[in-house]
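Here the structure is laid out as structure tokens; the discussion comes afterwards.
The values are calculated or read from the model by the stated rules, or taken from the named source; none is laboratory data. Values in this document were obtained by computation on a predicted structure and should not be read as measured data. Heads up, the Cβs are rebuilt from the backbone with ideal geometry, glycines too, and the neighbour counts pull from every protein chain shown. In case anyone asks, the SASA skips ligands and DNA or RNA and just uses the protein heavy atoms, side chains included. Shrake-Rupley method; radii C 1.70, N 1.55, O 1.52, S 1.80 Å.
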Amino acid sequence: MKIAIEGCMHGDLDNVYKTLQHLEKTNNTKIDLLLCCGDFQAVRNKNDLKSLNVPDKFLSMNSFWKYYSGLEVAPYPTIFIGGNHEASNYLWELYYGGWAAPNIFFLGAAGVVKFGNIRIGGLSGIYKHHDYKLGHFERPPYNHNTIKSVYHVREYDVRKLIQVKEPIDIFLSHDWPVRITDHGDWEQLVRRKPYFQQEIEEKRLGSKAAAQLLEKLKPQYWFSAHLHCRFAALVQHGEGGPVTKFLALDKCLPGRDFLQVVEIESEPGPYEIQYDEEWLAITRNLNYVFPLTPKAADFRGVNFEMEDCRKWVKSKLQERGCKPPEFVRTVPCYDPSQADVNGDSSVNPRNPQTEYLLRLLELPYLLDRNSEGKDVSPYSSLIPRGPADNNSEDIPIDDVDDDDDEGLPTETTRVVQKTPCTLQALFLNPKKRTKRLVPMETTKSMFLFIAVSILFVSSVTANLAFDFYAASCPTAELFIRNAVSTSSSNDPSIPGKLLRMVFHDCFVEGCDASLMLQGNNTEQSDPGNRSVGGFSVIETAKRVLEMFCPGTVSCADIIALAARDAVEIAGGPRVQIPTGRRDGMVSIASNVRPNIVDTSFTMDEMLKLFSSKGLSLLDLVVLSGAHTIGTAHCNTFRGRFQQDRNGSLRLIDQTIDTNYADQLIKQCPINAQPSVAVNIDPETSMLFDNQYYRNLLDRKVLFQSDSVLMNNDDTRKLVEDFANDQELFFDNWGVSFVKLTSIGVKTDEEGEIRRSCAATNIV
């Protein structure tokens, strides 16, 4: 049996099928089956586009509607799973699997079918730890939150697959099993996709759920997509155990490795898709704990012994047959001659195929139920997900950058077949690798510094952990981000305030939320902290978390995560930071002044302070880039001016551009109120970018402590590099920010989890 495997379909069925037909003709062969690893985009009409979570520029009908309508018929039996770019309303109709169009079969949220004597299993969606334990609470029409969470993998579906005992020949998942890169040439992968390096090194690139299934099922083949690149691996399951051949594929574009054909030993054809007896028994046995609200499935009391259920299912299949029922259209099909939206987003039709299967198994139809029709989303309307989260899926895949290779020179001029989508990939010069800059000349010194930097980050985060709250409060980071996003929408200055807060907190008593404590002689009473803002954002997030996960998430973690999210919301990079900090119980005003940077500091004074916190010269330059957002009061840079005899201000600091100085004098005249503030970055004040470094080169920075970076050869070179390369700045920001938020952390018994961020738990 010859089986073709395709990566991400993205609705481009026409070109994939044409490519396979070209392959059959030129190689005198016959393809028996096509498998697709997600992002199939089974969009039937314009209404389905409302359930498709993609950037607006990718909202298009593509070609699936032609196969749904019958205008075209799939030339090969096609089996697909769902990814993170799907018409989720349609796939929900077929939660248990079924024909999405004639000859095109959806495996369901999770499923196993037979094709001939080959068993094919699959898991739809992508893994997100904060939604993994939740039930299937989402119902169309989806809102801003549920259009994203609906395709996140759920524990219930994974637990069903874990019950499979008979051998699986082929398994499909959209995202890769975590740590699969340990079994292949990950260094070559990083050369092509440098932004994967950190996730690979930290063992978090991929899906934990998929990794669990890989270890349990041990299929002969495992195919994935999602990351839009080809990657192969061999997984040996124990000494002398079976081997799984893993392959990830790209999407259908010229010059991409999007297609692979494998030949599997099988019984003679013809072949057809049939129900799998064991899988139907599992489905019947576990359907009564099917979770339909955010509450996780309760497996207590479930009898996982399948023998009796298996016999019952076998008798039913002998009576009814193993073939799924025929395809049935449930909504109007797209008509290119009509501009109006087809269908009603408020209608969630019952698919006759799903009804047939449930009648076969004598199970109730539950897909249109939730908690008595109420909005059961855990993302309350009081804390909506912010607009910056629209298309973020953490991993920087190139879903929204299809032309990422455009313009790169080829190393070779390999000839490729002129098919609609090529089966060969052009060899292109890799993009510039993510790198950690150092103010040294030699490559040897650079690599030495990188090693030291990584060791340092590892040591300071040794007692912290990624996904620290995965079990105890899986939605913690989501709630914090929502609080930051909502507040930022109402007040664009919030990201700058939160970023300043994390500096002022971590530099004094360590990252322990000591800055949040209120009272006489606390850190807040020091003049340097009276202008720090954003406290209400932290308290808002804390109140929500205490409702959902009481006594679990520290204020210290909230501050660090809020600052992280503030940077991304303002346009900066997404940074993964470990959590598990405890809140401190000491906050003294006299500790502030010796531990924070004064805007009049010299280079030596700043270096001494940063070094005392375990931060390097490189960290000093990188973290100074925080001044690309935020505002400052007039008194913070008043020392660069002097009052003349006429009572006016005149510039005395020659390191600042005179025209810029004139602007500052107008904004901050001698009689300005103490509350008057100006943008730290005069060009892009609300955008986290590399403009700060360009301002430094143009001598347009507010503070003397910024200007001194141009007085040192090493720091000036770094400023020039970051001014010319924003990606380089972002790469370095991630490492330095993790170091910043790991200063003096308290873990275990060193601190507490405050009930309120403003006061310790000790009364």
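Before moving on, here are some points about what is shown:
- Across segment 671-684, the number of residues qualifying as open to solvent by 30 Å² or more (accessible area, probe 1.4 Å), in a loop (DSSP other than H, G, I, E, B) and at pLDDT 85 or above comes to 4.
- Within segment 241-296, if we keep just the residues that are small (Gly, Ala, Ser) and more than 15 Å from Lys114 (Cα to Cα), the residue that is modelled with the lowest pLDDT turns out to be Gly255.
- Listed by first and then second residue, the pairs linking a residue in segment 520-540 that is in a loop (DSSP other than H, G, I, E, B) to a residue that is among the basic types (Lys, Arg), with Cβ atoms under 9 Å apart and 6 or more places separating them unless they lie on different chains, are Asp526/Arg593; Ser531/Arg500; Val532/Lys497; Val532/Arg500; Gly533/Lys497; Gly533/Arg500; Gly534/Lys497; Gly534/Arg500.
- Test: residue in segment 31-42 that is of a type in the set (D, E, K, R) and at pLDDT below 95: no
- Residue, farthest from Leu464 (Cα to Cα), within segment 179-209, restricted to residues that are β-branched (Val, Ile, Thr) and in contact (Cβ under 8 Å) with a residue 40 or more places away in the chain: Val190
- Restricting attention to segment 690-715, the residues that are surrounded by 20 or more Cβ atoms within 10 Å (Cβ to Cβ) and not in a helix (DSSP H, G or I) total 5.
- Residues satisfying the stated conditions in segment 127-152, i.e. in contact with a strand residue (DSSP E or B) (Cβ under 8 Å, 6 or more places away or on another chain) and under 13 Å from Ser88 (Cα atoms): Tyr151, His152
- On inspection, Ala296 does not qualify as touching a residue at least 12 places away in the same chain (Cβ under 8 Å) and assigned to a helix (DSSP H, G or I).
- Hey, Ile79 in contact (Cβ under 8 Å) with a residue 24 or more places away in the chain, surrounded by 17 or more Cβ atoms within 10 Å (Cβ to Cβ) and under 28 Å from Lys128 (Cβ atoms) or not: yes
- Tally of residues being more than 20 Å from Phe466 (Cα to Cα) and open to solvent by 40 Å² or more (accessible area, probe 1.4 Å) across segment 572-594: 7
- Residue tally, condition touching a strand residue (DSSP E or B) at 6+ places or on another chain (Cβ under 6 Å) and surrounded by fewer than 20 Cβ atoms within 10 Å (Cβ to Cβ), over segment 60-75: 1
- Considering (1) under 25 Å from Val153 (Cα atoms); (2) out of contact with any strand residue (DSSP E or B) (no Cβ under 9 Å at 6 or more places or on another chain), the lone condition that Phe258 does not fulfil carries the number (2).
- Test: residue in segment 266-281 that is open to solvent by 20 Å² or more (accessible area, probe 1.4 Å), within 27 Å of Trp92 (Cα to Cα) and aliphatic (A, V, I, L, M): no
- Some residue of segment 302-320 being among the small types (Gly, Ala, Ser) and at pLDDT below 95: no
- Remark: pairs (first residue in segment 598-626, at pLDDT 95 or above; second residue aromatic (Phe, Trp, Tyr) and open to solvent by 50 Å² or more (accessible area, probe 1.4 Å); Cβ separation under 9 Å; 6+ apart in sequence or on different chains) are absent.
- Asn89 vs. criteria open to solvent by 10 Å² or more (accessible area, probe 1.4 Å) and modelled with pLDDT of 95 or more: yes
- Number of the condition not met by Phe729 [criteria: (1) within 30 Å of Ile652 (Cα to Cα); (2) in contact (Cβ under 8 Å) with a residue 40 or more places away in the chain]: (1)
- Pairs with Cβ under 6 Å, 6+ apart, first in segment 220-244 and more than 11 Å from Leu189 (Cα to Cα), second of a type in the set (Asp, Glu) and crowded, with 23+ Cβ neighbours inside 10 Å: His226/Asp175
- Criterion violated by Gly122 - all others in (1) assigned to a loop (DSSP other than H, G, I, E, B); (2) at pLDDT 95 or above satisfied: (1)
- In this entry, Gly122 is excluded by the filter for residues that are in contact with a helix residue (DSSP H, G or I) (Cβ under 8 Å, 6 or more places away or on another chain) and open to solvent by less than 10 Å² (accessible area, probe 1.4 Å).
- The listed residue being over 28 Å from Pro349 (Cβ atoms) and touching a His at 6+ places or on another chain (Cβ under 9 Å), out of Gly7, Gly38, Gly82: Gly7
- Among the candidates Leu696, Leu687, Leu728, Leu702, residue that is at pLDDT below 95, aliphatic (A, V, I, L, M) and in contact with a strand residue (DSSP E or B) (Cβ under 9 Å, 6 or more places away or on another chain): Leu702
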